Amino acid sequence: MNQVISLFLLLVLLSCQKSKLESQKSITRGAGDIGVSKKNKQRYLLEKVPLTGEELQSWVPPIVGDFKRISLSNGLQEELGISSISTKFQHEQESEKLILLEIMDGAGEMGALLIEKSQEKLKDDFQEQSLPERTEISEHQEFRVLEKEWTNLPRTYLEFIHSKRFLIKIQAQNLAKEEVIDFVHRFPLEKFVMDISIQ
């Protein structure tokens, strides 16, 4: 009888150890997958050829809602080896309303580094009020967004990553935040959508 009980306890003990071992393997495997996924995405951007300034410019429409494009050029980041453009829009009826839009391609060595640093900056929620400036990092419709507003100036600044590849920066003057967000929603960002998902 004692032998039967001892055998039963031994089987239960072995079963528990096996279950614990499988659980540890699962956790380790999951953590490894996360690391591999991040490395694969970074490698993807490193291996991609950046779009030219002309290609980026061709995606910027002349009209976005009530705003008309008044300038379009290669961005300042070109000198750093990052393909980029800078464009300015002006409200058609209220000329004091201006929006400066910068788009930077995260492909290539320098571009991938830019996206990596930006992702690190945007990953955690953050809020700070240091008059006259208010800064906030939060989630907005599946985007991590850096937002800045000034109490003494009619200015708004937004920064976010689109399609895990393009860094978008927007500076708006004499617009309410709601108007800036409406402009972003109207801008055809779907043209910049790239399938960079790693299986």
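List pairs: first in region 147-158 and under 23 Å from Asp125 (Cβ atoms), second of a type in the set (Lys, Arg) and outside any strand (DSSP E or B), Cβ under 7 Å, 6+ apart or cross-chain?
Short answer, once both residue conditions are applied: Glu149/Lys177; Thr156/Lys177.
What number of residues within region 149-199 are of a type in the set (D, E, K, R), at pLDDT 90 or above and farther than 15 Å from Met104 by Cβ?
Matching residues across region 149-199 total 6.
Suppose we filter Lys169, Lys191 for residues that are charged (D, E, K, R), within 17 Å of the chain's Cα centre (by Cα) and surrounded by fewer than 17 Cβ atoms within 10 Å (Cβ to Cβ); which single one remains?
Lys191
Which residue, of Glu96, Glu109, Glu149, Glu116, is open to solvent by 20 Å² or more (accessible area, probe 1.4 Å) and in a strand (DSSP E or B)?
Numbers: Glu96 fails: in a strand (DSSP E or B); Glu109 fails: in a strand (DSSP E or B); Glu116 fails: in a strand (DSSP E or B).
Result: Glu149 is the single residue among Glu96, Glu109, Glu149, Glu116 that is open to solvent by 20 Å² or more (accessible area, probe 1.4 Å) and in a strand (DSSP E or B).
Condition (residue is small (Gly, Ala, Ser) and touching a residue at least 60 places away in the same chain (Cβ under 8 Å)) applied to region 172-194: is it met by at least one residue? Let's see the steps before the verdict.
First, pick out the residues of region 172-194 that are small (Gly, Ala, Ser): 172, 176.
When the remaining residues are screened for being touching a residue at least 60 places away in the same chain (Cβ under 8 Å), the result is 172.
So far as region 172-194 goes, yes, one or more of its residues are small (Gly, Ala, Ser) and touching a residue at least 60 places away in the same chain (Cβ under 8 Å).
Which of (1) modelled with pLDDT under 90; (2) surrounded by 13 or more Cβ atoms within 10 Å (Cβ to Cβ) does Thr28 not meet, given it meets every other one?
So Thr28 meets the others, but not (2).
Can you work out which of the residues in region 134-146 that are within 30 Å of Ala112 (Cβ to Cβ) and surrounded by fewer than 16 Cβ atoms within 10 Å (Cβ to Cβ) is farthest from the chain's Cα centre (by Cα)? So that I can check it myself, show each step before the final result.
The initial filter retains those residues of region 134-146 that are within 30 Å of Ala112 (Cβ to Cβ), namely 135-146.
Checking which are surrounded by fewer than 16 Cβ atoms within 10 Å (Cβ to Cβ) leaves us with 135-136, 138-143.
Numbers: Thr135: 17, Glu136: 15, Ser138: 11, Glu139: 10, His140: 11, Gln141: 12, Glu142: 9, Phe143: 6 Å.
Filtering region 134-146 for residues that are within 30 Å of Ala112 (Cβ to Cβ) and surrounded by fewer than 16 Cβ atoms within 10 Å (Cβ to Cβ), the one farthest from the chain's Cα centre (by Cα) comes out as Thr135.
Can you give me the number of residues within region 79-93 that are within 22 Å of the chain's Cα centre (by Cα), in contact (Cβ under 8 Å) with a residue 24 or more places away in the chain and surrounded by 16 or more Cβ atoms within 10 Å (Cβ to Cβ)? Steps first, please.
Of all residues in region 79-93, those within 22 Å of the chain's Cα centre (by Cα) come to 80-88.
Still in the list and also in contact (Cβ under 8 Å) with a residue 24 or more places away in the chain: 80-85, 87.
Retained after the next criterion (residues that are surrounded by 16 or more Cβ atoms within 10 Å (Cβ to Cβ)): 82-85, 87.
Here the count works out to 5.
Of the conditions (1) in a loop (DSSP other than H, G, I, E, B); (2) open to solvent by 70 Å² or more (accessible area, probe 1.4 Å); (3) over 30 Å from Leu46 (Cα atoms), Glu128 clears all except one; give me its number.
(1)
The values are calculated or read from the model by the stated rules, or taken from the named source; none is laboratory data. Being a predicted model, the structure only gives us computed values, none of them experimental. Here Cβ is always computed from backbone atoms with ideal geometry, including for glycine, and neighbour counts include all displayed protein chains. Protein only, heavy atoms only, side chains kept; ligands, DNA and RNA dropped before computing areas. Shrake-Rupley method; radii C 1.70, N 1.55, O 1.52, S 1.80 Å.
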